[in-house]
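The values are calculated or read from the model by the stated rules, or taken from the named source; none is laboratory data. Just so it is clear, the structure is predicted and the values come from calculations on it, not from any experiment. Heads up, the Cβs are rebuilt from the backbone with ideal geometry, glycines too, and the neighbour counts pull from every protein chain shown. Each accessible area value is taken on the protein alone, full model and side chains, heavy atoms only, with ligands, DNA and RNA left out. Shrake-Rupley method; radii C 1.70, N 1.55, O 1.52, S 1.80 Å.
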Amino acid sequence: MSVRFEFQDARDWRYLMESLNAIVDEASFIMDREALKLRALDPSRIAMVDLHVPREAFNTYEIEESQVKIGVNFDDLIKVLRRAKAEDKIIFEIEGRRFRIILAGKAERVFSLPLIDIVGEELPTPKVSFDVIAKMLSDTLRDSLKDAEMISDTVRFVGEENVLRIIAKSDKGELEAKFSPEGGSLIEYDVRHPSAASYSLSYLDDIVSRAYRVSEIVTVEFSTNKPLSLSFEIAGGGTLRYYLAPRLEA
Amino acid sequence: MSERAAALCLLCRGAKGLCGKSVCPVYALWSAVERVKVPKGALVDGSSPPSVFVGRVGYPKVRVSPAVPPFVGDTRVYDEPEKWLSLGLSEILNMRLSLIRGVVEVNVREPRGIEDLQLLAISSKPVEVELRFAKPPKPRAKLDLFAPPMGPSGPVEGLRLLEDPKPPHPLEKAYYDSDLRAEDAILNLYNSGVPVSAIQRALSVGALGAGHRRKLVPTRWSITAVDDAVSRSLIDAVRGLKCVDSYLFFERKYLDNTFVAIIAPGAWSYEWIEAWFPYTTWNPGKTVEVEGDWEGYHGRKTYASLGGCYYAARLAAAEYMLREGVQGTVILIREIYEGFFLPIGVWFVRENVRELFKGVPERYDTLSEVLQRLGRSTRLPLSVWLSKSALLKALVQQERLELWLR
């Protein structure tokens, strides 16, 4: 196979890869004429990541075949990406089994990594309809999750008419964070039915503490006792989206 | 329950055997302490197992104490906790409390001048040692939270090795390799079959690590450093294994302790819970105290609240997973009952959990079956575990995304 694509900002690409690493240690990208994609479940099959970066988001985007699979180990990949300096561009080249990563700044540094074979499964999009949709600053969400972590390992999202609450409770105490369009903490807010669901904080923290660097804005979607969706728009085009299965509290 | 136990001991005072044990646990301790023999003169000559204890008080100026029993012979087992489960508690105490420690003060960052001590500590066979004390040792035992019990001690003026220490090949190699980082050395040694206790001893005397960065590590810290480093590396490998396909249950009862483990299908994650019944080592109060800590698939970044035992048990759990070639969600529970009031060392947990996992597990198809089994095994009811265990709670409450992928 022969593939080459260039992304403007190597740091941003690193943040994106670290965000995927919140869910999987290794996975296959699917690259076709239109976009670079990755969809994978975490080992416990509780969370899913769904990445879609269209060709327009890249400086150059060349592919000979109609579709190729690029299997990577994220630990190794991220180690290389950590070497990137501000204003480095990043270029990926695959020739046969050779996978090269080029950090191009003042100097051009070429790293080679092994491609790995991953027996992947084809995953459909989760079938969920969302009754609550909220757009907010990803930093704000991250902060309230950090607050909640002091209290509990589970967090409850409650979507009411004009206010979204994030609640954590345990014998250590209670936390409630309130967000509303009026207060300015929600950029957009749409409630079809008032809903509430609980989710694992360790998953949420793994996801949000990395993905908040991909985008300043996150779209939070959920329904009563159904999966949560968190979407981050990638600068330059594309979406990084997560699905997280709920916890059913007694 | 607690009042009853206390009342029993009050009525009995070691004379009537009311608790049903063949040896009164209170007396076992005191008689062992009473039997601590102090050498008459200022010169002690004996075979060090080897044993070297590094204190932490006064850090970075710490007290280092090589120890010998007052006789020559094969004393290896005196400092080899891997072998101690087959001995009784009082035998272990007698053995340990007969070790006489000669104390020298050393700055941890300047391990020069203690080469003899280092070579002694990494020997795989007992070494005859002569300790010359400044004044006769005090007849005082030392009990530690992490390290095994120790006998009397006194400041030492001179230490002489009367025979050559014989370090096993991998340890000798690591000792003379001043480019090898301590963590890599620890893993190499473990992988070449050096017992964890010997690696801990080597690390504590500053025998491992990159040349100029070598320093002494108080025994208590070195024990946990080795448990942590080795288990982290094993867990890296475990994370790539396939998941167990049913719920496994393990149980072990030993010396007023119950150890149970549940391994559930799912990604690697680990939890350690201790329930201290009243009047035990760490619970002088009247109610049962339950504490636990856990980590998810990615491991942890902070020190576990329960300290050494958490890491020692995690090592034993990771060893099991790797041996069986599976990963899973591991919940380990330990109940400590009224008779157990001696701080005896982290080895007790490591070796018991290793032993626990040597047993053949019971297999259950459903979570509720294995939870019921747990409830029958422990003295505390299932409801306590369900409210205290983060991982059990997650198992009961957490849905899988697959439900929405069909």
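What ranking do B:103-115, B:38-50 get when scored by the average of other Cβ atoms within 10 Å per residue, highest first?
Result, highest mean first: B:38-50, B:103-115.
Can you compute the FRET efficiency between B:ALA134 and B:ARG323 using 1/(1 + (r/R0)^6), with r the Cβ-Cβ distance and R0 = 51 Å? Round to the nearest 0.05.
Working: r = 49 Å, r/R0 = 0.97.
The value I calculate is 0.55.
Classify the range A:191-239 from the C-alpha gyration tensor, please: rounded if a/c falls under 1.5, else prolate or oblate depending on whether a/b exceeds b/c.
It is oblate, given that a/c is not under 1.5 and a/b is not larger than b/c.
Using only protein heavy atoms and a 1.4 Å probe, report how much of B:ASP116 is accessible, in Å² to the nearest 10.
B:ASP116 exposes around 70 Å² with every protein chain in place.
For a Förster distance of 22 Å, can you work out the FRET efficiency between the beta-carbons of B:GLU289 and B:SER383, rounded to the nearest 0.05?
0.85
Label-point separation (nm) for B:TYR254 and A:ARG11, each offset 7 Å from Cα along Cα-to-Cβ?
Taking the two extended label points, one gets 5.3 nm.
Label A:ARG97 and B:ARG160 with points 7 Å out from Cα along Cα→Cβ: what is the distance between them in nm?
Placing both labels 7 Å along Cα→Cβ, they lie 6.5 nm apart.
For the range A:38-75, list whatever residues lose no less than 50 Å² of accessible surface once every protein chain is in place, relative to that chain by itself, with the probe at 1.4 Å.
A:PRO43, A:SER44, A:ARG45, A:ILE46
Among A:ARG213, A:ARG109, A:ARG14, whose mean-square fluctuation peaks in a Gaussian network model of chain A (Cα, cutoff 10 Å)?
A:ARG109
Please list, or write none, the aspartates and glutamates whose alpha carbon is within less than 12 Å of the alpha carbon of A:LYS135, excluding same-chain residues fewer than 8 places away.
A:GLU188, A:ASP190, A:GLU216, A:GLU221, A:GLU233
Does any residue of the range B:380-406 lose at least 40 Å² of accessible area with all protein chains in place compared with its chain alone, and if so which ones (probe 1.4 Å)?
Listed by number, the residues meeting the 40 Å² cut-off are B:GLN397, B:GLN398, B:GLU399, B:ARG400, B:LEU401, B:GLU402, B:TRP404, B:LEU405.
Between A:LEU36, A:LEU204, A:LEU137, find the one with the highest GNM mean-square fluctuation for chain A; connect C-alpha pairs within less than 10 Å.
Checking each option, the largest mean-square fluctuation is seen for A:LEU137.
Please report the buried accessible area for the interface of A with B, total over both chains, probe 1.4 Å, in Å² to the nearest 100.
Accessible area lost upon association: around 2100 Å².
In the range B:71-115, carbon and sulfur make up what percent of the accessible area (probe 1.4 Å)?
Carbon and sulfur together cover 48 percent of it.
At 1.4 Å probe size, with every protein chain present, just tell me what the per residue accessible area of the range B:123-164 comes to in Å².
I get 48 Å² per residue for this part.
Carbon and sulfur: what percent of the range A:84-125's accessible surface (1.4 Å probe)?
Details: 1390 of 2710 Å².
C and S fraction of accessible area: 51 percent.
Along Cα→Cβ, 7 Å out, is where each label goes; now give me the distance between the ones at B:ARG239 and B:ASP365 in nm to one decimal.
3.4 nm
Could you derive backbone 3J(HN,Hα) for the range A:144-155 from the dihedral phi with the Karplus parameters 6.51, -1.76 and 1.60 (θ = phi - 60°), listing whole Hz in sequence and x where the residue is Gly or Pro?
In residue order, the calculated couplings are 6, 5, 4, 4, 5, 4, 5, 9, 8, 10, 10, 10 Hz.
At 0.36 nm per residue, and after removing the present C-alpha to C-alpha distance, how many nm does the segment from B:SER192 to B:TYR59 gain when stretched out fully?
Working it through step by step, the gained length comes to 44.7 nm.
Leaving out ligands, DNA and RNA, and with a 1.4 Å probe, what % of the accessible surface on the range B:295-361 is carbon or sulfur?
The nonpolar share, carbon plus sulfur, comes to 54 percent.
At 0.36 nm per residue, minus the direct Cα-Cα distance, what do B:LYS173 and B:ALA15 gain on full extension? Give it in nm, one decimal, please.
Net length gain for the segment: 51.4 nm.
Rounded to the nearest whole Å², what accessible area per residue is found for the range B:304-366 with the 1.4 Å probe?
28 Å²
Does chain B classify as rounded, prolate or oblate by the C-alpha gyration tensor (a ≥ b ≥ c root eigenvalues; a/c under 1.5 gives rounded; else a/b over b/c gives prolate, otherwise oblate)? Intermediate values should be presented prior to the final figure.
Values: a/c = 2.41, a/b = 1.35, b/c = 1.78.
The shape class here is oblate.
Per residue, how much accessible area does the range A:114-195 show when a 1.4 Å probe rolls over the protein heavy atoms, in square angstrom?
57 Å²
Sketch the reach of a paramagnetic label on A:ARG83 as a point 7 Å from Cα along Cα-to-Cβ, and name the residues of the range A:111-130 whose backbone nitrogen lies under 12 Å away.
Only A:111-113 pass the distance filter.
Give, ordered by residue number, each residue of the range A:127-150 whose 1.4 Å probe accessible area is reduced by a minimum of 20 Å² on adding the remaining protein chains to the chain alone.
Buried on complex formation: A:LYS127.
Rounded to the nearest 0.05, what FRET efficiency is calculated for A:GLU188 and B:ARG406 with R0 set to 30 Å and r the Cβ-Cβ distance?
Given R0 = 30 Å and the Cβ-Cβ separation, E is 0.45.
Hey, what angle do you get for helix B:347-356 against the long axis of chain B, alpha-carbon based, 0 to 90 degrees rounded to 10?
Between helix and principal axis, roughly 40 degrees.
Throw me the Rg/Rh for the protein assembly as shown, computed over C-alpha atoms with Kirkwood Rh, two decimals.
Across the protein assembly as shown, the Cα-based Rg/Rh ratio is 1.04.
Based on the mean of other beta carbon atoms within 10 Å per residue, what is the order of A:185-192, B:195-202, most packed first?
Values: A:185-192: 15.8, B:195-202: 24.1.
So the order, starting with the most tightly packed, is B:195-202, A:185-192.
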